[in-house]
Structures are given as C-alpha cells and as structure tokens.
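*Asks:* Dropping the structure in here first, questions after.
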Amino acid sequence: MIKLDRDALEKLEKRELQLTVLSVVFVLVLASGLAAFMYPLVFIHPIGNKWTLRVAFSGFCALSLLFVGYLFEHQRTVRNLKQHLLAELERNVMLQQQASIDILQSMPDANHFWDRLTMEFRRAMTMQTKISLILAKAKGGGAPQKDDDSQAWSDAAKALTRKLRPSDSIYRLAPDLFAIVLPETDLPNAKRIAIRLQEGLQEVSAKHGKTFEITVHNYPEHVKSARELEEIVKTLLPVEEEWSSPVPATEQPA
C-alpha cells in the first residue's frame with residue numbers, strides 16, 4: 001500500500017517556500033538598486049522629456065511589484081495543487097483499503113469451510129476417491145492486525161485464487177490463515193498446486209513483508225478420518241476463533 005511521508009512532503013514544501021522568498025528578495029534588491037540609480041536621472045536631472053522618463057520609471061516599479069506578486073501567486077497555486085493531488089491520493093488509498101476489506105468480507109468463512117469440508121470428505125469416502133487440503137498461514141509478525149494488514153491479506157487472497165482450479169474452493173479461517181479444499185486430488189497433484197500457490201505468494205511477500213507457510217494434507221495419505229483433518233486445522237486457528245460446536249463429521253468405518 002502507498003504510504004505518504006508527511007515529514008518529507010513538509011520539508012519539500014518549506015524548501016520551495018524558501019526558494020520563492022529568496023527569488024522575491026533577489027528581484028526586490030535588483031529592482032530597488034536600479035530604481036535608486038534611475039531616480040536622479042528621472043526626477044532631479046532629467047534629460048529629455050521628464051514625463052516620459054517618469055512614466056517609464058513608474059512602469060518599471062509597477063512591473064517589479066507585479067512580478068513579485070506573480071511569484072507569491074505561483075507559490076500559492078502550486079501549494080493548492082499539491083494539496084489537491086495529495087487529497088486525491090489519500091482518497092485512492094482509502095478506496096483501495098475499502099476494496100480490500102470488501103474482498104476479505106466477501107470470502108467464505110470458517111462456517112462455510114466446515115460445511116464444504118464435511119461434504120467433500122463424505123463424498124471422498126463414499127466414492128472411494130481422495131481429497132486434499134492446503135493451508136496457507138502467515139509466519140511471524142506477532143498477532144495479525146485485521147485493519148492494518150487488510151491490503152496484504154487481500155493481495156494474498158487474490159494471488160491464491162488466481163492459481164486455483166474451477167473445482168477448488170478457498171476460505172478465510174482467520175485474519176492470517178487461508179484454507180483451500182481440493183476435491184478428488186491426490187497428494188502429488190496437491191503438492192504441485194501448493195508450489196504454484198507459493199510462487200503466487202512471493203510477490204505478496206516482497207510487497208508487504210509477509211511470509212506464508214503452506215502445508216498439504218491428504219486423505220487417505222495423511223489422515224484416515226474427518227476428525228483428524230479437523231484437528232490439524234484447529235491447531236492453526238487462534239483460540240478465540242476455533243469452531244464452536246462443530247457439526248460432527250462422519251468417521252470412516254473401521
């Protein structure tokens with residue numbers, strides 16, 4: 001996300017104002033010196049038509065003052081233009097933040113994930129097929145900041161979504177945890193998909209300084225029941241966001 005360096009902008013504004021004041025002082029000194037040399041020839045010892053000289057002298061003084069006024073007006077116009085551009089930039093940043101929040105809020109949450117996982121697991125047991133689950137969790141950085149890092153989570157969600165197949169589904173279980181359900185996917189194919197997801201997250205990691213750990217879990221290679229898969233996911237969830245009263249999943253018969 002674009003961050004505005006207010007201190008640098010204020011220093012730049014002060015430096016530009018200083019240059020404007022220096023230009024005004026320079027013009028006034030030159031104009032005053034020239035007017036001082038012209039004054040005796042115009043008012044004390046005029047040569048030729050004194051009224052023509054006085055009109056020219058008055059015109060020179062007026063032009064000097066107008067030029068000084070132009071310098072100040074230029075400074076004010078540029079300052080107002082920069083303020084307008086900064087306001088537009090801040091507005092665009094706010095719109096990007098709101099768009100990121102909307103994307104995250106529109107993603108299916110843990111409740112939808114639980115229903116889909118239960119359904120796909122039962123189908124895998126009934127049809128004697130395989131199902132894989134990929135978990136992408138941000139590493140380090142302490143507790144996730146839902147508001148400050150919304151752009152990072154949004155970019156991560158978009159990067160993950162672009163790498164998925166039409167039959168796959170992605171869910172946001174926690175601010176820093178995403179789950180991808182891969183129906184009818186064996187372990188080798190799931191690992192290949194995980195590699196693609198990791199490549200898609202590299203740009204997000206470089207942009208936001210986030211690192212993601214991707215793990216692959218497969219039935220029946222790694223787990224033999226839905227409860228085992230459920231426990232794996234629960235270990236990655238924050239305590240306050242663990243599923244409450246989950247619907248019991250059908251266990252595989254012994």
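The values are calculated or read from the model by the stated rules, or taken from the named source; none is laboratory data. For clarity, every value in this text was computed on a predicted model and none was experimentally measured. Reconstructed Cβ throughout: ideal geometry from the backbone, glycine too, with neighbour counts over all protein chains shown.
*Asks:* Give the number of residues within region 207-218 that are buried (at least 16 other Cβ atoms within 10 Å of the Cβ) and at pLDDT below 90. Before you say what the answer is, go through the steps one by one.
*Replies:* Of the residues in region 207-218, the ones buried (at least 16 other Cβ atoms within 10 Å of the Cβ) are 208, 210, 212, 214, 216-218.
Remaining after also requiring at pLDDT below 90: 208, 210, 212.
Here the count works out to 3.
*Asks:* Among the residues that make up region 104-116, is at least one of them outside any helix (DSSP H, G or I) and charged (D, E, K, R)?
*Replies:* First, the residues of region 104-116 that are outside any helix (DSSP H, G or I): 107-109.
Of the ones still in play, those that are also charged (D, E, K, R) are 109.
Yes, that holds for at least one residue.
*Asks:* Let me ask something additional. Quick check, is Ser132 surrounded by 13 or more Cβ atoms within 10 Å (Cβ to Cβ), modelled with pLDDT under 90 and polar (S, T, N, Q)?
*Replies:* So Ser132 fails the test.
*Asks:* Turning to a different aspect of this structure: Mind checking whether some residue in region 82-91 is under 30 Å from Ala159 (Cα atoms) and among the acidic types (Asp, Glu)?
*Replies:* Yes, some residue in region 82-91 is under 30 Å from Ala159 (Cα atoms) and among the acidic types (Asp, Glu).
*Asks:* Quick one: would you say Ser150 is within 20 Å of Leu229 (Cα to Cα), among the polar types (S, T, N, Q) and surrounded by 14 or more Cβ atoms within 10 Å (Cβ to Cβ)? Please lay out each step first, then the result.
*Replies:* Working: within 20 Å of Leu229 (Cα to Cα): no; among the polar types (S, T, N, Q): yes; surrounded by 14 or more Cβ atoms within 10 Å (Cβ to Cβ): yes.
The answer is no for Ser150.
*Asks:* Since Val204 meets every condition but one in (1) buried (at least 16 other Cβ atoms within 10 Å of the Cβ); (2) more than 30 Å from the chain's Cα centre (by Cα); (3) without any contact (Cβ under 8 Å) to a residue 60 or more places away in the chain, which condition does it not meet?
*Replies:* Every condition holds for Val204 apart from (2).
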